[in-house]
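Okay, structure first, notes after.
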Amino acid sequence: MALNTELLNIPPHDNKKDGIKLYENIRSIFFLCKNRLNNSVNYYFGLVVCIFMLADYQLFAQHTLIKGIYQGENLYVQNPFGPDGVGFCVTKVLVNGQATSDAINSSAFEVDLEVFNFKFGDSLNIDIHHKKGCKPIILNIADINPKSNFNILSISYDKKTSKLNWTSKDEISSLPFIVEQFRWRKWVKVAEVQGKGTPGQHSYSAKVIPHSGKNRFRVKQIDYSKKPRYSQEIIYRSLSPLISFSPAKPKSIISFSDTTNFEIFDFYGQLLKKGRAKLVNISKLKKGDYFLNYDNSTGMFHKK
C-alpha cells in the first residue's frame, strides 16, 4: 500500500499522553506565576489568570501534520496573523519530532530541512503547531509529495521461475511498482512490489501466471498526481493449450479444462465472483445469463 501526503488539523490533546503533558504544563506555569507574583493584593487573581491562559492555549491550539518524502527542497509556509490580530498563527514547528530553529514570527517563513542532514527519500513528519481560528498554508507541499520517476533498464519473463524481472534506476520516491497483465481486453493488476525509491540501480521480481497464447506485461507507478507512469510492455507467448469451460448451461458447477483465473459478471456489469480454480461453484447465483472471463477468453453461460 496505498503511501501519500496528509494534511490534518487535529486537536493536540486527544489522548492520555497529551492530557499528562497538559497537566505538566499547567503545573509548570503555576509555579512560574507563583514565583513572579510578589504583589500580595493581585497574587491569587494573577495566578488564576496564568492558569486559564495556559489551559486556553493548550486546549484550543491545533496542529497541522504533514507527511512526505525528503527530496532536497525546503518547505515554505504562509503564516497569517492569529485570530485576535495579535502575533502570528504558528507557534512551533517540529520536524520528525525535533524543534526547528526557524524564525517563525513573520508572515512567511522557511522550514529548513537541509540542517537535519536527511538522505534523499527519507520520510518526513512535519508538525506545525498553530493557534485555533487561523491556519498556516504550505506553499510548496508538492516538493515533499512522493513522485514517480524511474527508468527501466531491462524487463523480462523467466519461464523457469514464472517471474517477471525488471531492473530500474533513477527512482526518487519509495512507491510500489504495480505489475499488470493484459487479459480480457483490459489491464489487470497481478502483483505489487515496493520500490526502493533511491537513485541507484535496483532489481525486482514478481510471480505472474501466463495464460495461453500471447501475454503482455508491464509495470507502473502512481504518485500523488494520480497520473500513472508506465514501463515498456513485454510480450511472452505461452504454448499452453487454450482452456475451455462446460457446460454452457450449468446448474451449480462450471468446469474448466485446466486451472485458470476467472471472473463472473452479471448483465449490469457487476462483478459477482473471481478467483483461480478448475471448478467453480455457482449454486448461489440466481437463474439467468452471465458473462465469464477465463484464460485469455471471454464467454457467456446461462445459469439454470
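Here are a few things to note about the model shown:
- Qualifying residue in region 122-133 (condition: touching a helix residue (DSSP H, G or I) at 6+ places or on another chain (Cβ under 6 Å) and under 23 Å from residue 223 (Cα atoms)): yes
- Residue in region 158-201 that is modelled with the lowest pLDDT, counting only those that are crowded, with 19+ Cβ neighbours inside 10 Å and hydroxyl-bearing (Ser, Thr, Tyr): 173
- Residue pairs meeting the criteria (Cβ under 6 Å; at least 6 apart or on separate chains; first under 14 Å from residue 294 (Cα atoms), in region 197-215; second of a type in the set (A, V, I, L, M, F, W, C)): 212/242
- Some residue of region 202-222 being charged (D, E, K, R), modelled with pLDDT under 95 and either surrounded by fewer than 12 Cβ atoms within 10 Å (Cβ to Cβ) or out of contact with any helix residue (DSSP H, G or I) (no Cβ under 9 Å at 6 or more places or on another chain) (or both): no
- Restricting 289, 258 to those that are among the acidic types (Asp, Glu), within 19 Å of residue 183 (Cα to Cα) and at pLDDT 95 or above reduces the list to 258.
- Of all residues making up region 259-304, the number that are of a type in the set (Phe, Trp, Tyr), under 28 Å from residue 237 (Cα atoms) and not in a strand (DSSP E or B): 0
- Some residue of region 231-238 being of a type outside the set (Lys, Arg), surrounded by 15 or more Cβ atoms within 10 Å (Cβ to Cβ) and under 30 Å from residue 122 (Cβ atoms): yes
- Strands (runs of 3 or more DSSP E) contained entirely in region 118-219, each with at least 2 residues that are over 30 Å from residue 80 (Cβ atoms): 151-158, 163-169, 176-183, 186-194, 202-207
- The set of residues from region 82-99 being surrounded by 14 or more Cβ atoms within 10 Å (Cβ to Cβ) and either within 21 Å of the chain's Cα centre (by Cα) or modelled with pLDDT under 90 (or both) comprises 82, 95, 96.
- Residue pairs whose Cβ atoms lie under 8 Å apart, sitting 6 or more positions apart in sequence or on different chains, and linking a residue in region 74-101 that is in the same structural domain as residue 132 (by TED's automatic domain parsing) and within 12 Å of residue 135 (Cβ to Cβ) to a partner that is among the charged types (D, E, K, R) and in a strand (DSSP E or B), are 77/110.
- Residue in region 207-226 that is over 21 Å from residue 180 (Cα atoms) and of a type in the set (A, V, I, L, M) present: no
The values are calculated or read from the model by the stated rules, or taken from the named source; none is laboratory data. Remember, predicted model here, so these are calculated numbers, not experimental data. Quick reminder, even Gly has a Cβ in these numbers, built from the backbone with ideal geometry, and neighbours come from all protein chains shown.
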